[in-house]
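Readers should treat all values here as calculations from the given coordinates under stated rules, not as data from a laboratory. If you're wondering where the values come from, they're calculated on a predicted model, not measured in any experiment. Glycine gets a Cβ as well: all are built from the backbone with ideal geometry, and neighbour counts include every protein chain shown.
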Amino acid sequence: MSAEHAPKVPTYAECARTDKPALVTPESVSKDDERAPAIHCTNIAVAGGVKYSTWFGGSYEGSIDTKIWFSKNTDGSWTKPRGIAGNKDGEEIVYWNPVLFIPDRSRPQELHVFFKKFTPIPVWVTFWTSSDDGGETWSVPRELVPGPDGKRGRGPQKNPPIVLSNGDWLSAGSYEVTNPPGSEAYGVWDAWSDVAPKPRPGDDFKQGEKWIRSDLIELPSDRGKADGSFPGEGVIQPGIWESKGKPGHCHMTMRSSVGCIIQADSTDYGRTWGPAYRTSLPNNNSGHCVTTLRDGRVVWAGNYQTQNWGPRTPLCLAISEDDGNTWKLWATLEDAPPPDDFKRVIALETGIVNDGRSEFSYPCLTPTEEDDEDGIWVSWTWQRRGIMIARVVEF
């Protein structure tokens, strides 16, 4: 993965634009809720004409009053957000990064939410709660992968799983191990995939009860060295898609510490992966997401920045007509200059320290429904004070 021969990331001004502009219809889900003044990491799902959203929120990221929040829109207005997982009286446990998943849109009442518990980040464990009535009631959260194999967080990490052409659920996860003070990199970050196989005749488990983890995505051997080919922490929080018309051909895009999105590819339904490589998509070491349109085009959402721990603005959509090989800017969802005193995002193993000014981050994507125009729904963090979503189709 030589940086010397990597694709160039064009500047925002230089980036090629699509011929057809996007029609963006934004709406606010929640804003300035005094019960959770700092909110982040939203997901969106749409099924049966109903929009659903989740996020975490509390006094600040990493605080012990943080809960997993949920809201839905059935009739043109969003319900008052309510906590579906969070501390009971006397507990001091931190909750993080909910991932919302509807495996079958023909059963729109069936929802799953995966989330992380505990602090600091290196000791995360993934929990899972489900609803069969559209989010009115939820099951008691349980560990996704019990025991030692579940440590550091299994299953999805930020972005929703996808249902593969063979019926398996493919998710992508990662972990963050913090280095001691004085180390060249803040931490060592690695990514992998987790597959929840579709039960076959004779299997004695339900889908989602069994997860098969891949090996770690291969990064250069000199990773983490300031003068090496891959400085900084590594890769986390992957997005995933399966190529249209190519069953089992899957792709993983990863947040990174090297100024661009990193990618790896699989030809066996995400069980094994080739080495990671650089792409022409920018990344500021912040969350991103990918999904596919019905016609096979791939959509990416993220901040158009290349500084490691750089500003989380602007927030953009890019689209690929060749299965992720090349990209064109499709839309800019938010664009405000960072504060004058901004230098870099402050990242600790107990969470990001940030007042949210000019932060538009952690987008989540899901395709529009079959009876709608071919497009996407996108949700994002709005300055740590609100959750925004938008429907985006070609104009």
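Summing charges over neighbours of Asp132, with a neighbour being any other residue whose Cβ is under 9 Å away from its Cβ, gives -1 when K and R count +1 and D and E count -1. Toward the positive end of the charge dipole of region 3-394, with +1 on the Cβ of Lys and Arg and -1 on the Cβ of Asp and Glu, the farthest Cα among Leu144, Pro339, Met388 is that of Leu144.
Considering only Ser28, Trp327, Leu100, and ranking their Cα positions along the charge dipole of region 3-394 that arises from unit charges at the beta-carbon of Lys, Arg, Asp and Glu, the one farthest toward the positive end is Leu100. Here the simple spin-label model places points 7 Å from the Cα toward Cβ, and for Ser280 and Lys246 these points are separated by 1.7 nm. In region 241-388, Rg over Rh equals 0.99, where Rg is the alpha-carbon radius of gyration and Rh the Kirkwood radius from pairwise Cα distances. Charge dipole (Cα centre; +1 on Lys/Arg Cβ, -1 on Asp/Glu Cβ; no other charges) of region 22-62 amounts to roughly 160 debye.
Basic side chains Lys and Arg get +1 at the Cβ, acidic Asp and Glu get -1 at the Cβ, and with that the dipole of the chain about its Cα centre reaches some 280 debye. Applying 1/(1 + (r/R0)^6) with R0 = 41 Å to the Cβ-Cβ distance of Val140 and Arg344 gives a FRET efficiency near 0.55.
Nearest 0.05, what FRET efficiency do Arg17 and Ala336 give at R0 = 25 Å with Cβ-Cβ as r?
The formula returns an efficiency of 0.80 here.
Centroid-to-centroid, using Cα positions, region 91-141 and region 306-382 are 23 Å apart.
Taken over the chain, the alpha-carbon convex hull comes to 145 cubic angstrom per residue. In summary, the lysines within cross-link reach of Lys206, defined as a Cα separation below 20 angstrom excluding same-chain residues under 8 places away, comprise Lys198. Once both labels are positioned 7 Å from their Cα atoms along Cα-to-Cβ, the gap between Arg107 and Asp295 label points is 3.3 nm.
What is the sum of charges around Asp168, taking Lys and Arg as +1, Asp and Glu as -1, for the other residues whose C-beta is under 15 Å from the C-beta of Asp168?
0
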